[in-house]
Amino acid sequence: MPVQYPAGIKQEHLHCRKQAALFDVSHMGQLRIRGKHADQALERLTPADIVDLPLNHQRYALLTTPEGGILDDCMVSRYDDCLYVVVNAACREQDIAHLKAGLGQDIVVEEIQDRVLLALQGPKAEVVLARFQPDVQQMPFMASRIMHINNVQCYVSRSGYTGEDGFEISMPVAAAAAFVEQLLAQNEVAWAGLGARDALRLEAGLC
């Protein structure tokens with residue numbers, strides 16, 4: 001994700017507050033965690049309640065050391081066949097190694113290599129995304145669903161880091177470029193980069 005696009009950080013920031021900003025956050029780590037009692041195993045590594053995380057919901061969590069120190073934060077979603085976890089890019093390798101070591105041999109930690117991750121953030125995000133998948137209108141905050149967009153299976157969560165309504169969409173690499181072009185063709189949508197993301201997080205008290 002670049003620091004900024006031609007419009008500049010200020011305009012990207014304001015656009016996200018008024019319309020819908022598109023962030024390419026594919027540098028984040030996307031994981032599937034599978035195995036019997038995978039939720040119990042993951043809960044040993046975080047103070048978050050993973051065992052009681054409802055199906056098709058997402059929860060903010062912290063990865064901690066055995067002494068309780070914080071290693072990183074992450075997002076955990078429960079689907080029928082796995083726990084879907086998104087970890088931060090800067091700590092990606094560290095987090096994956098920590099999970100593999102801490103979860104035990106019976107739990108599979110699969111790093112997803114064939115999906116991009118897009119964040120559509122802003123007050124118009126629902127209006128825009130509903131043109132491609134109307135069911136997103138029924139998703140409450142922190143819901144996480146497997147649904148089809150442009151006939152491809154996506155992981156969609158109603159969440160974000162801007163202080164605005166928004167969605168994160170994980171979709172196959174092969175389908176991503178066409179979908180991005182479709183999003184950018186919507187009048188409400190414009191690219192936003194790292195600078196706007198950090199400014200939005202700071203303004204929203206999220207960092």
ASP114, ASP72, ASP198, ranked by accessible area, largest first (probe 1.4 Å): ASP114, ASP198, ASP72
Anchor LYS124: aspartates and glutamates whose Cα lies under 12 Å away (excluding residues fewer than 8 positions away in-chain): GLU164, ASP165, GLU188
Amide H partners (placed H, <5 Å) of ILE149, local residues excluded: CYS154
Charge dipole (debye, nearest 20) of the stretch 86-137; +1 at Cβ of Lys and Arg, -1 at Cβ of Asp and Glu: 260 debye
The chain, relative contact order [Cα under 8 Å, separation at least 6], %: 29 percent
Cut-off 14 Å between beta-carbons: net charge of the residues surrounding HIS98, Lys and Arg +1, Asp and Glu -1: -3
Sulfur and carbon atoms: percent of accessible area, the chain [1.4 Å]: 51 percent
The stretch 1-101, Rg to Rh (Cα coordinates; Rh as Kirkwood inverse mean 1/r): 1.07
The chain - accessible surface per residue (Å², probe 1.4 Å): 48 Å²
Summed side-chain charge close to ASP198 - residues other than ASP198 whose Cβ falls under 14 Å, Lys, Arg +1, Asp, Glu -1: +1
Expected-Rg normalisation [2.2 N^0.38 Å, Cα atoms] applied to the chain: 1.01
For the stretch 127-161 and the stretch 42-89, distance of Cα centres in Å: 21 Å
Cubic angstrom per residue, convex hull over Cα atoms of the stretch 52-146: 141 Å³
Relative pair counts by distance (%), Cα atoms of the stretch 17-73, 5 Å bins: 4, 14, 19, 22, 16, 11, 8, 4, 1
Cα-centre dipole for the chain with unit charges at Cβ (Lys and Arg positive, Asp and Glu negative), debye to 20: 340 debye
Three-way shape label, the stretch 98-207, alpha-carbon gyration tensor, a/c 1.5: oblate
All-pairs Cα distance distribution in the stretch 66-114, expressed in whole percent, bin size 10 Å: 21, 57, 21, 1
Surrounding net charge for GLN30, when Lys and Arg each add one and Asp and Glu each subtract one, Cβ distance under 9 Å: +1
Computed [θ] at 222 nm, helices only, for the chain once each DSSP H run of length n ≥ 4 contributes -39500 (n - 2.57): -7500 deg cm²/dmol
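The values are calculated or read from the model by the stated rules, or taken from the named source; none is laboratory data. Note that the structure is a prediction, hence the values are computed from the model and not measured. So basically every Cβ, Gly included, is an ideal-geometry build from the backbone, and we count neighbours across all protein chains shown. Quick note on the areas: whole protein, heavy atoms, side chains included, nothing else; ligands and nucleic acids left out. Shrake-Rupley method; radii C 1.70, N 1.55, O 1.52, S 1.80 Å.
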